[in-house]
Ligand code: DAT
Ligand code: MG
């Protein structure tokens, strides 16, 4: 089972889309193993997005991500990183395929509702940035058997 970090960005919270977006992940079969409503500090935004430092959109991205509360989710499931990226859709809402989160709920380039880790290395690094080990919970669900890899 893989784990990944998902952020419901400030636009998702402001637009009251927290419930509908979490539903997308849950109904696919992903398990919520951690969840926080939080404000991202400038320092955390800079660390989280350090790969984008120096790019033209970086300052606006940090300003947006620190502009209001976000919901941080730790999700677990078979191929969770890849599956979540597929559920999210392409980066820009205007490009994202209908049926994906970004494709159904947004049209903006930068205000694109969700972040999802893009590799196992990124997932581990980002989960550690947003969650203490004690705040991630492994627990059985009655339908685990139907969401297993086999
Ligand atoms: P993703 O979030 O799909 O992994 P990314 O890691 O390339 O995309 O970029 C991080 C975020 O930065 C992205 O969600 C939105 C913003 N962003 C990326 N490229 C942008 C651009 N050309 N103009 C405005 N915002 C951009
Ligand atoms: Mg990315």
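Ranked by the mean number of other Cβ atoms within 10 Å per residue, highest first, peptides 69-78, 56-65 order as 69-78, 56-65.
Rg/Rh for segment 1-55 (Cα atoms only, Rh after Kirkwood) is 1.01.
Mean residue ellipticity at 222 nm, helices only, the chain: -10000 deg cm²/dmol; runs of at least 4 DSSP H residues each add -39,500 (n - 2.57), and the sum is divided by the number of residues. Fully extending the segment from residue 147 to residue 47, taken as 0.36 nm per residue of separation minus the present Cα-Cα distance, adds 32.7 nm. Note the angle between two axes, namely the Cα long axis of helix 120-130 and the longest principal axis of the Cα atoms of the chain, as a number of degrees from 0 to 90, rounded to the nearest 10. Long axis of 120-130 versus the principal axis of the chain: about 70 degrees. From the largest down, segment 65-150 spans 37, 31, 23 angstrom on the principal axes of its Cα atoms. What angle, in degrees between 0 and 90 and rounded to the nearest 10, separates the Cα long axis of helix 18-28 from the longest principal axis of the Cα atoms of the chain? Rounded to the nearest ten degrees, it is 40. Taking 36, 15, 102 as the candidate residues, the one with maximal mean-square fluctuation in a Gaussian network model of the chain, Cα springs under 10 Å, is 15.
Quote the FRET efficiency, to the nearest 0.05, computed for residue 14 versus residue 138 with a Förster distance R0 of 25 Å and r equal to the Cβ-Cβ distance.
Details: r = 32 Å, r/R0 = 1.28.
In this case the efficiency is close to 0.20.
From the P(r) of the chain, could you give the percentage of C-alpha pairs in the tail past 26 Å?
Values: 2230 of 11175 pairs.
It works out to 20 percent of all Cα pairs.
Spin-label model, residue 32 to residue 97: label points 7 Å out along the Cα-to-beta-carbon direction sit 2.7 nm apart. Working from Cα pairs under 8 Å separated by at least six residues, relative contact order for the chain is 35 percent.
No value in this document is a laboratory result; all are computed from the given coordinates. Everything numeric in this text was worked out from a predicted model, so none of it was measured. We place every Cβ from the backbone using ideal geometry, glycine too, and count neighbours over all the protein chains shown.
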